[in-house]
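Colleague: Pasting in a structure now, in structure tokens, and then I'll have a few things to ask.
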Amino acid sequence: MYTQAFVLVDHQKINVSFMTISQKKKVFHFFFIFFRIFWWGDVNIPIELKGYLRKRGWVIDFLNLEPRIFFIDRYAGFDKKYRKNIRVICSRPYHALFMKNMLLRDDESSLKKNFLSGPDFTVLNGGEFQADPQTEDVTSKTSINVNFSDHEMLILGT
């Protein structure tokens, strides 16, 4: 059961869909954030929390079985006021190299200092592992999911 509301973030009106985790405790989990620029339809499809958590488990299980894992800590956003610490976890060297080129670099000591409290956003890239289209909430072997509440992105089957 989803409820829709509008909230203001940085003076922008954002449509938020959230679902109730516990009716008794009135606990809400903000799972989907619908920005006006998203085109919901055949390509961008909302997913329920249980489907997202299932896919997250697949990615983590896949990465745990890989002999080599790459961790890339970099920044997104040139303006330091809005800059985000991004951590990419992947198993393919070319994904790691691609993300190193896409995100902003810094010297090792600054990265260590700025990532002490963890990343602002994490990308879990299990691109070699394909999603199962026979599973609920899965429509193809390729699946890219963004969870703005937990600041995570999952990549499967790319």
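The values are calculated or read from the model by the stated rules, or taken from the named source; none is laboratory data. The structure presented is a predicted model; accordingly, all values stated were derived computationally and were not measured. Positions of Cβ are backbone-derived with ideal geometry, glycine not excepted, and every protein chain shown enters the neighbour counts.
Colleague: May I ask you to list pairs of residues, at least six apart or on different chains, whose Cβ atoms are under 7 Å apart, with the first in the range 61-77 being assigned by TED's automatic domain parsing to the domain that holds residue 87 and over 22 Å from residue 103 (Cα atoms) and the second being part of a loop (DSSP other than H, G, I, E, B) and of a type in the set (Phe, Trp, Tyr)?
Modeller: Correct list of pairs: 62/129.
Colleague: Looking only at residues that are of a type in the set (Val, Ile, Thr) and at pLDDT below 90 in the range 114-138, which one is nearest to residue 74 (Cα to Cα)?
Modeller: 138
Colleague: If you don't mind, another one. Going through the range 46-62 one residue at a time, which ones are of a type in the set (A, V, I, L, M, F, W, C), crowded, with 16+ Cβ neighbours inside 10 Å and more than 15 Å from residue 148 (Cβ to Cβ)?
Modeller: Answer for the range 46-62, where residues must be of a type in the set (A, V, I, L, M, F, W, C), crowded, with 16+ Cβ neighbours inside 10 Å and more than 15 Å from residue 148 (Cβ to Cβ): 58, 59, 62.
Colleague: Please work out which residue is surrounded by the fewest Cβ atoms within 10 Å (Cβ to Cβ), limiting yourself to the range 127-158 and to residues that are out of contact with any helix residue (DSSP H, G or I) (no Cβ under 7 Å at 6 or more places or on another chain) and of a type in the set (Gly, Ala, Ser).
Modeller: Only one residue tops the list, namely 140.
Colleague: Run residue 134 past the list (1) closer than 19 Å to residue 58 by Cα; (2) in contact (Cβ under 8 Å) with a residue 12 or more places away in the chain and report the number of the one that doesn't hold.
Modeller: Every listed condition holds for residue 134 apart from (2).
Colleague: Just to be sure I understand the filter: pairs with C-beta atoms under 6 Å, separated by 6 or more residues or on different chains, first member in the range 143-155 and touching a residue at least 40 places away in the same chain (Cβ under 8 Å) and under 13 Å from residue 47 (Cβ atoms), second member of a type in the set (Phe, Trp, Tyr) and surrounded by fewer than 18 Cβ atoms within 10 Å (Cβ to Cβ). Which pairs pass?
Modeller: Pairs that qualify, where the first residue is touching a residue at least 40 places away in the same chain (Cβ under 8 Å) and under 13 Å from residue 47 (Cβ atoms) and the partner is of a type in the set (Phe, Trp, Tyr) and surrounded by fewer than 18 Cβ atoms within 10 Å (Cβ to Cβ), are 149/30.
Colleague: Next question, about the same structure. Answer with yes or no whether residue 55 is at pLDDT below 90, out of contact with any strand residue (DSSP E or B) (no Cβ under 6 Å at 6 or more places or on another chain) and assigned to a helix (DSSP H, G or I).
Modeller: no
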